[in-house]
Amino acid sequence: MTFTAQILTLYPEMFPGPLGISLAGRALEEGKWTCDTINPRDFTTDKHRSVDDTPAGGGAGMVLRADIMAAAVDFAVERMAAVIRSSRAQSRDGVGGESVSTSLDTNGEGALATVRGAPDSVSPEPVQGRLSLDRRGSTSSPLTVSNPQHPPILAMTPRGTPLTQARVRELASGPGVTIICGRFEGFDERLFEARDIEQVSIGDYVLSGGEMGALVLLDACIRLLPGVMGASSSGDDESFENVILEYPQYTRPQIWEGRIIPEVLRSGDHAKIAAWRKQKAEEDTRLRRPDLWERHRDAPDQSPSGAQEKDKDKE
């Protein structure tokens with residue numbers, strides 16, 4: 001099943017951006033994932049297409065309106081559900097490669113998004129006609145109730161939970177994700193009270209908007225999709241996979257500017273190499289990331305490849 005990425009952004013031209021090249025770009029061309037944008041301005045009703053307003057209680061900047069953003073989120077949920085239904089139907093019928101087109105009913109203001117990756121010989125076919133929504137939103141919407149069958153909706157915000165490799169793996173194993181990109185002073189908090197949205201942060205710093213965070217999150221997910229990195233074990237030894245930093249890496253030439261590759265890596269003794277890598281990974285983690293080291297010390301003993309070792313006391 002193709003991994004579907006939907007991005008709610010005021011700047012759709014930023015996507016796929018760097019995800020259109022290298023590993024992610026090839027995966028996009030091969031149909032391993034799709035990238036589609038939804039502009040919240042398409043859900044406004046005023047002539048200025050305003051998505052923000054001044055903060056309640058005063059203060060600098062502007063705040064993204066809950067009613068506008070919720071309407072965009074509701075449309076995204078319906079659209080994602082249609083894509084998944086179509087994909088599952090195609091799998092049952094043994095048909096692949098057909099795309100699904102959905103458009104926003106904006107009184108002639110234009111189509112919103114299309115699932116890409118279909119062969120030229122296949123004409124996109126709408127699912128259940130046009131997906132139209134009440135752009136004013138609804139406090140009684142069933143989408144306010146958490147449904148584990150819906151792919152997650154994430155909002156990129158510095159107030160969110162830090163993104164981890166474990167969470168990335170969970171997201172990459174699903175059918176897709178919808179990402180909301182914040183701007184200005186952030187979101188009206190009522191959006192998160194009314195909709196099932198996971199707030200995510202990529203670090204303890206502030207960006208101009210959530211788009212860069214969305215690109216980071218998607219890149220982390222896409223590289224884990226089947227067939228993107230080649231061998232399924234390619235990412236097993238990388239930093240954060242086992243709550244620890246990766247060990248140092250070396251390659252040819254053997255001697256460079258008087259510095260030589262450690263002898264153990266040239267020994268051919270795989271057991272010694274594994275032990276050295278484990279020791280170096282732990283040393284670097286302890287010195288560079290004491291927070292990770294504390295978590296690692298509480299975890300079961302693991303080999304450099306992430307395989308849990310047998311409990312020798314029980315042998």
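The values are calculated or read from the model by the stated rules, or taken from the named source; none is laboratory data. Since this is a predicted model, take the numbers as computed values, not measurements. Reconstructed Cβ throughout: ideal geometry from the backbone, glycine too, with neighbour counts over all protein chains shown. Only protein heavy atoms, including side chains, enter the accessible area calculation; ligands, DNA and RNA are left aside. Shrake-Rupley method; radii C 1.70, N 1.55, O 1.52, S 1.80 Å.
For this structure, a couple of remarks:
- Between amide H atoms placed 1.01 Å from N, distances below 5 Å from E198 occur with I153, L154, A155, all of them 5 or more places distant or on a separate chain.
- As a rough guide to protection, the peptides 203-213, 251-261, 55-65 ranked by mean Cβ packing within 10 Å, highest first, stand as 203-213, 55-65, 251-261.
- Database remark: amide H of L245 closer than 5 angstrom to the amide H of F240, T285 (H placed geometrically; neighbours at sequence offset of 5 or more, or on other chains; Pro and chain starts carry no H).
- In this simple spin-label model, placing a label point 7 Å from the Cα along the Cα-to-Cβ direction at both E198 and M62 gives a separation of 3.0 nm.
- Cβ-derived FRET efficiency at R0 45 Å, I260 paired with V206, nearest 0.05: 0.55
- Since only P290, A274, P253 are under comparison, the one whose Cα sits farthest along the positive direction of the charge dipole of the range 249-294, derived from C-beta charges on Lys, Arg, Asp and Glu, is P253.
- A 1.4 Å probe over all protein chains sorts H150, H48 by accessible area into H48, H150, starting with the largest.
- For L8, residues with placed amide H under 5 Å, excluding near neighbours: I38, I179, I180, C181
- Within the range 196-217, backbone nitrogen closer than 16 Å to the virtual label 7 Å beyond the Cα of R295 toward Cβ: 200-204
- Fully extended contour minus Cα-Cα distance, from T161 to D93, at 0.36 nm per residue: 20.5 nm
- To the nearest 10, the accessible area of E78 is 70 Å² with a 1.4 Å probe.
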